[in-house]
Each structure stands twice: as structure tokens, then as C-alpha cells.
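*Asks:* Take a look at the following structure, please.
The values are calculated or read from the model by the stated rules, or taken from the named source; none is laboratory data. Just so we're clear, the structure is a prediction, and the values are computed from it rather than from any experiment. Don't worry about glycine lacking a Cβ; one is built from the backbone with ideal geometry, like all the others, and counts go over all protein chains shown.
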Amino acid sequence: MLGSPVEFMESYEYRLLAQMIVSAKKQMPESVPLHLFGAGHPLTIPFAVALGCDSFDSASYMLYAKQLRYITEDGTRYLSDIEIFPCSCEICRKYSPEQLRQLEETLKINELAIHNLYAIKLEVDKVKQAIHEGRLWEYVIKKARAHPKLFEMIDVMTENSEFLGLGTPKFKERAIFLYDKNDQFRPEIQSFHDIVRKFKSKKKKLLITKEFNTKPGYLSQQYLSLKKKIKDFDSFQVCQYSPHLGLIPIEISDIFPAAHHESSRIDYNPEEFTEFEKTWTEFFKKNNFSEIKFDKKDEFLKYFVKTLSKNIKKKSLV
Ligand SMILES: [Zn+2]
């Protein structure tokens, strides 16, 4: 059991709250559920769940109501500052903010407390649905935008991604969404890196391309046309790559999440993809390539090709 994170919340020390949860979780056997007291706020509930809390309770809905504070999905407002209620619970349908302000003190607090409880319940339901869809990571990252200090919790998550992986199923039906460098630390992505870091090829030549739109890669038009164009195609180990997933040997381009992700088509900065770099180094250590074929106009790839030994011949793809 973890207690009194309320002070952390009030001072926006979300990073400390996250670190506190992680260190408690690390010291506990996996089978023991972690109960978090306090911190029952829509802002922190998704993070607490992602970091491994199993249950919470909180008097926050009443504490906030007593201070005439109205809980929203992205923070707390003073009732005096609200022009229109951004909520359609029974309380917010019954009164306008002005009408609620005019109520007798005890009734006002009780009515406000009911709304606050609704707001917390709604967040718990959203988190449950995100878990059901296998999108808790995405949901948490989106949520982190609510406050710069909340955004710092992402660091604690990425630094402890190994440990987060425990509760995340590896196989899912839906595609995962990849946006920025933080997503390289998603537990599903980490598991894929672990597989590729052990991958051994018998071939001496390597061909690397960007991943194709059609997944898995070996079913795509681009793959089939490469196969036609390159004479000694069968002597190449073919790999696709994605900044997030790293190298994707074509033989395993159908496993999760290699064939089950969508990424933004923006120019990623290779320096920020440290997991890619680790996999790249490991992959060339485990295998003995004497030649690599790649698109020399591909800036992301060029950054990593530069790190290769001089003994490996670098050839243009076309
Ligand atoms: Zn409401």
C-alpha cells in the first residue's frame, strides 16, 4: 500500500509520484496487488495503472468539492472560474455553473462531490477500455499533454519499460500507433528488439529497405519487384527497418508488432533512436556480412551505415 500521494499531486510532483510507485512495485512480489491511496484523479489514474497499481481509493472527490473545486479529465477548476460545464453528468445537466454557485453551501458541496465522483469514474472506464483495446500506452502518452509536469512521468515509464512489460500482453489484434521517440520504449516494441538482437542469418550479404506500406513485408509489391530486379536476390538477407522497431528481418516481418503498427511519416532524428542503435550494433555483431545494399539517399539509414566497419562493402540499392 502506498499512501498520501496527495501532497505530490498538489505540488504537481508527478515524477516523484511515479518514482514512488515504481520503487514500491520493484520491491514487491509480482503476485501482490499494489494499492494506491489518494491520487484518485483523472490525471494520475492512467499513469498509476500503467505503472502497475492495481487498485486505488481516494477521498479526493470530496476534498476537492469542499474547496469548491471541479474535477475535469485534464485538471481541476475552481467552480468560480467555470463558464460552461464540460460534462454531461446528472449534476452538470441539472444546473448551470451560476445556479450551482448560488446553492446553499452543504448542498453545493454535495452536488459538486457527485460530479467529481462521475469524473473519476469516467476516467476509470476510459482506462479499462484502453486496456481492452491494448492502447493503454497510447492513452497515457496522450494524457501526458495535460500538464508539463505530468509529461515528465513519461521519462519514468520509458526508463522502466522493461518492468512495464510485465503487464502488457505481447500479442494483440489491433495495430499499435507510433508517434515519437518515446514509443521506442513501448513494451511491445522492446520485445521485438529483443528478438532481433538474437537473430542469426546464414547469408553474407544484407539488403535494407524502409518498411513498406503493405505488411507483412514479404507480401508487398515492393518486395516482389525487388526480388525481380536483383539477380542474386536469394543470396541476400533482406531486412526492412523502422526507426521504432529497428531492423525487421523479412522472415519475421509477420510477427507482432512488425506487421501490426502504424507510424507517422515524418523525418525522425536518428540520434534519438537509441534502441535502434543497440539493435543495429548487436545485429552486425551476431552476423557476418561482407556487403550491404541500401538506399544511399536515406538519411536515417546513412547515419547508422557510417558506423559500420570498412570491411563491409556499401552498395547502392538501385
Ligand atoms: Zn458533471
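*Asks:* With the condition being surrounded by 21 or more Cβ atoms within 10 Å (Cβ to Cβ), assigned by TED's automatic domain parsing to the domain that holds A18 and away from the ligand (no atom under 15 Å from the Cβ), I'd like the strands (runs of 3 or more DSSP E) fully within the range 32-109 carrying at least 1 qualifying residues.
*Replies:* On the way: elements: 35-37, 55-57, 69-72, 75-78.
It comes to 35-37, 55-57.
*Asks:* Which of the residues belonging to the range 110-139 are away from the ligand (no atom under 16 Å from the Cβ) and touching a residue at least 60 places away in the same chain (Cβ under 8 Å)?
*Replies:* Step one: of the range 110-139, the residues away from the ligand (no atom under 16 Å from the Cβ) are 127-139.
Within the range 110-139, V127, A130, I131, L136, W137, Y139 meet the criteria.
*Asks:* Under 7 Å between Cβ atoms, at least 6 apart or on separate chains: pull out the pairs that start in the range 79-96 with a residue that is over 16 Å from L107 (Cα atoms) and end on any residue that is among the small types (G, A, S) and within 11 Å of the ligand (Cβ to nearest atom).
*Replies:* C87/A119
*Asks:* With the requirement that a residue be among the hydrophobic types (A, V, I, L, M, F, W, C) and closer than 17 Å to I82 by Cα, what does the range 94-113 give you? Even if it seems obvious, please write down each step before you answer.
*Replies:* Start the filter on the range 94-113 by keeping residues that are among the hydrophobic types (A, V, I, L, M, F, W, C), which leaves 100, 103, 107, 109, 112-113.
The answer is L100, L103, I109, L112, A113.
*Asks:* If you check T214 against the conditions, is it among the polar types (S, T, N, Q), part of a loop (DSSP other than H, G, I, E, B) and modelled with pLDDT under 90?
*Replies:* Details: among the polar types (S, T, N, Q): yes; part of a loop (DSSP other than H, G, I, E, B): yes; modelled with pLDDT under 90: yes.
For T214, the condition - among the polar types (S, T, N, Q), part of a loop (DSSP other than H, G, I, E, B) and modelled with pLDDT under 90 - is met.
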